[in-house]
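To start, the structure itself, in structure tokens.
The values are calculated or read from the model by the stated rules, or taken from the named source; none is laboratory data. As the structure is a computational prediction, the values presented were derived from the model and not from experiment. Don't worry about glycine lacking a Cβ; one is built from the backbone with ideal geometry, like all the others, and counts go over all protein chains shown.
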Amino acid sequence: MARLSDRKRALELRLQGRSYSQIKAELKVSKSTLSLWLRGYPLSEERIRELRDWNEVRIERCRETKRKKKERRLEETRKRMKKEIFPLTIRDIFLAGLFLYWGEGAKTRVSDLCISNTDPGVIQFFILWTTTCLKLPREKIRIHLHLYSDMSIGNETGYWSSVLKVPKEQFRKPYIKESLSTRINHCSFKHGTCNASISNARLTEEIICSLDIVKEYLNKN
């Protein structure tokens, strides 16, 4: 009797212009069963277009709802992590810079602390680290850009000088590489690669020794 009741209700819904998905959601009946029950009751072309338009609107609303939920979640996460991270001590910045240098810095240079990256934030932090924690003068920083042949040297030098707050006088002649424009347009390389360095043999030696000490600690634990 329940099956007969479901079939009768399915027909009523179909005559109201409901889709198989809508009927399935209400009756919990498979689409294959509905196809068997309702094969003699196709929807009109006009109704099919209406359902298609409604479905697109529903999908877009769903996407918008998910986007807003994600934005709220990320905002809450940012607030929580900001409270956990700040304020930063000089020791915090020193250790963060030390591990950054372990991953990105040049370890074979005996007299220079040197780091290369396409991310301005990485270079900004390196400058903060060397000037705040290592007490090196900002005017001794040297910038060497690696650019592509169809990039504007003037524009890119101006960009990095502005972002890093380093005068153009502290920039070396850029290295220019011939390459396809499709690679240049890639978001990771839109301003080329920035190499920042500062000369101080004693501090370079101390940083390399510090990294060796950390490695020894990790090997023992």
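Would you be able to say whether some residue in the stretch 15-31 is touching an Asp or Glu at 6+ places or on another chain (Cβ under 7 Å) and surrounded by 10 or more Cβ atoms within 10 Å (Cβ to Cβ)? For the stretch 15-31, residues touching an Asp or Glu at 6+ places or on another chain (Cβ under 7 Å) and surrounded by 10 or more Cβ atoms within 10 Å (Cβ to Cβ): present.
Of the helices (runs of 4 or more DSSP H) that lie entirely inside the stretch 106-221, those containing 3 or more residues that are out of contact with any strand residue (DSSP E or B) (no Cβ under 8 Å at 6 or more places or on another chain) and farther than 19 Å from LEU95 by Cβ span 153-164. Residues of the stretch 35-53 that are within 48 Å of the chain's Cα centre (by Cα) and either closer than 15 Å to ILE23 by Cα or in a helix (DSSP H, G or I) (or both): SER35, PRO42, LEU43, GLU45, GLU46, ARG47, ILE48, ARG49, GLU50, LEU51, ARG52, ASP53.
Restricted to the stretch 9-23, and to residues there that are among the hydrophobic types (A, V, I, L, M, F, W, C) and closer than 13 Å to THR33 by Cβ, the residue that is farthest from the chain's Cα centre (by Cα) is LEU11. Sub-6 Å Cβ pairs linking a first residue in the stretch 105-119 that is under 20 Å from VAL163 (Cβ atoms) to a second residue that is in a loop (DSSP other than H, G, I, E, B), at least 6 apart or interchain, are CYS114/ALA106, ordered by first then second residue. Against the test of being modelled with pLDDT of 95 or more, touching a Leu at 6+ places or on another chain (Cβ under 6 Å) and surrounded by 15 or more Cβ atoms within 10 Å (Cβ to Cβ), the options LEU145, LEU134, LEU100 yield a single qualifying residue, LEU134. All conditions but one from (1) part of a helix (DSSP H, G or I); (2) within 45 Å of the chain's Cα centre (by Cα); (3) surrounded by 11 or more Cβ atoms within 10 Å (Cβ to Cβ); (4) modelled with pLDDT of 85 or more apply to ASP6; the one that does not is (2).
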